[in-house]
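Student: Could you have a look at this structure, given as C-alpha cells, before my questions?
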Amino acid sequence: MDSAATEPQLTEPYLTTVLSNSGLGVEYVRGEGNTLFHVGADGKEIPVTDYCGGYASLILGHNNAELTAHAKAVLDSGIPVYAQFSRHSAANRLAVKLNEIVARETGATEPYFAHFASTGAEAIETAVKQAEFDRVLKASALMSEIEAHVEQARRAAREGHLTVADSAYGKVPAPASPATAAGSPQEALEHLVAAVTRHNGEVADRPPALLALEGSFHGKLMGSVQLTHNSGFRSAFGRLGAQAHFVPPNQPDVLTKTVEGIRAQGRVLDVVVTDGVADVVERDYPVFCAFLLEPIQGEGGIRVLDREAAEHIQRVSAEADCPLLIDEIQTGLGRTGAFLASSLVGLRGDYYVLSKSLGGGIAKSSVVLVHQKRYRGEFELVHSSTFAKDGFSTAVALKVVELLEADDGAAYRQVEERGEMLRAALDRVRADYPEVVKDTRGKGLLQGLEFHDQSGSAAPTISSAAQGGILGYVAAGYLLGAHRVRVLPTASAPNTLRFAPSLHLTQEETDQLEAALRDLCSLFRDEDERRLTG
C-alpha cells in the first residue's frame, strides 16, 4: 500500500482541499523546459505544458541543462555554501555584472551597491529597511542642524545681541505669541523654542510615508504585505506595520495631490538668526521612505505601466525626494525582452529588487541594488540574512545572467519573438470570442487574458464560480484536466489568466494553448456546464 495515501495531510490541508476541488491537486514528478510530468493511474508519466513557469521564475525553463551542469559543478567543487561574514567573490562579480546591465539599459553613471537576500519578499523588506535607514539618518542630521541653530540663538541671547521677530510667533503653533512671550529676549526665545520643539517632535513621531500603486503586489510577509494593495491579503495584518498610501497608476493629479499633502504635513521649523534677529523658517523634513512600483503588475492582472505614467511618477518622486523602489521580481531577468522591464518605459530607480528567475529555477536568490546616493554602509552592520549571498545561489545567479547576456543578448530577442507569438495567439482568441474575453495585455513572455464577468451565466457552476471569485481557478482546472495545459489566474484579479512560459516556448506549445483556450471560451459562451464538470 502507498504510504502517502494513508498518512495524514499535515501540510497546508485547507489549501490541498481547495486544489483537489478545483482539479489542480496534481503532484508533478519531473520538469523539463516548459513541460511538467505527473503520473497517471497506470503508472505512466503524463506531460503537461506549463504556462505558470514557477510564477515567472523560470525564464530559462525547468531544469535547464547548462544551469544544472553548472550547479553540479559548483557543489562538486566543494565550495562552502554557507560561510557567513566573509568575502564572496561570486556575489561581487554578479553585482558588477548587474551594474553593467543597469548602466546599459538606463544610462546610469553612478554605481549601485548590492544587498543579497533569499526571496523576493525578503528583498523588498530589505530595500524598504535600507530606505528607512537612510531617511532616519537624514532626519537625524536635519534635527542636529536645527539644534545647533537654537544653541546659536541662545548664545546670542545670553550675550544680549538677540531680539525675536514678531513675525516668528505667527509661524509656530499656539500658545506662542508676542503677549505670552513678553519678558527678556532669553525668555522670549525659550518660549519660541519650546513651541518649535513640540511641533518638530510631532512631525518626527509620525510614521514614514510609503507609496505604492493600486493593484500592487510586493509580497505577503509582515512588512511587504502592507505594500500589497489587495485588502484580502493585507487587512488582517494592518496593525503590524506602517500603512502605505495607494495611488492609481494612471491618474497623475491624484499622485501629485497625495505627495503634496504628505509633504505639507512633514515640514519642521528652524530658528535662524540674521543680524541679531531670531526668526522661524520652515524646512522640508524627510517624510518619504519609498515609492514602490512594478513595471507590470503581475498579481494585479498583468497591468502594464505606460510611459506617460512612468514619467510622471519619476518626476514627482524626484521633486519630493521620495526614493523610487522598482520591483522587478517578476518582470526582471529578461522576461519582457529587456533585462529590466522598467527601462522600456524610461524609469530609473533608486532601488531595484530582483529575484525569481535570478535563481534559474534551482536556487532561491534575490538582490537589492541601492544607488550610490542612497547607500549607507552602516546598514550592512545592522541588517543580515543567514541564507543570503551564499556560495551556491550567487554562483547560479551569475551563470543565469551570463546565459541571458550571451551572444549580444540573444535571449532578449528570443523573448521578444516568442512573446509576440504568444500574444498573437491570445489576440486571435479574443477576436473570435469577444463576448467571453474582455482583454489581452502584457509584454514579452508575461501575458494575461481577462474574461468578462460570468456571474450572470445560466450555468450554475460558472455563475457561482464567478460570484465567488474563483472563476480563474475553475478555468485552470478545466484546462489542466481536458488539455494538459497548466495556467493559473493572478492573485488579485481572478478573472485574468497569467502566462509566463520560458523563452524556449515553441509554436506547437502555443498552438496547444490556443486550442485549449478556444475550447474553454466556447464552453463559457455556450454555458455548457456538463462539459465543464465532466
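Student: Within region 273-312, track down each residue that is within 30 Å of Lys443 (Cα to Cα), in a strand (DSSP E or B) and among the charged types (D, E, K, R).
Tutor: Residues of region 273-312 that are within 30 Å of Lys443 (Cα to Cα), as a first pass: 289-312.
After this cut, where a residue has to be in a strand (DSSP E or B) as well, the list is 289-293, 296-297, 303-304.
Across region 273-312, the qualifying residue is only Arg303.
Student: Got a sec? Which helices (runs of 4 or more DSSP H) wholly within region 47-140 have at least 2 residues that are free of Cβ contacts under 8 Å to residues at least 24 places away in the same chain?
Tutor: 65-76, 89-106
Student: Against the condition touching a residue at least 60 places away in the same chain (Cβ under 8 Å) and at positive phi, how does Gly359 come out, does it pass?
Tutor: Here the answer is no, as Gly359 does not meet what is asked.
Student: OK, next. List the helices (runs of 4 or more DSSP H) inside region 418-534, counting only whole elements, that have at least 2 residues being surrounded by 22 or more Cβ atoms within 10 Å (Cβ to Cβ).
Tutor: 460-467, 471-483, 507-526
Student: Considering only residues that are on the phi > 0 side of the Ramachandran plot and of a type in the set (Gly, Ala, Ser), look in region 9-41 and name the one that is modelled with the highest pLDDT.
Tutor: Gly33
Student: Which residue, of Val247, Val254, is β-branched (Val, Ile, Thr), surrounded by 12 or more Cβ atoms within 10 Å (Cβ to Cβ), closer than 30 Å to Thr119 by Cβ and without any contact (Cβ under 8 Å) to a residue 40 or more places away in the chain?
Tutor: None of the others qualify; the one that does is Val247.
The values are calculated or read from the model by the stated rules, or taken from the named source; none is laboratory data. For clarity, every value in this text was computed on a predicted model and none was experimentally measured. Cβ coordinates were reconstructed from backbone atoms using ideal geometry, including for glycine residues, and neighbour counts include every protein chain displayed.
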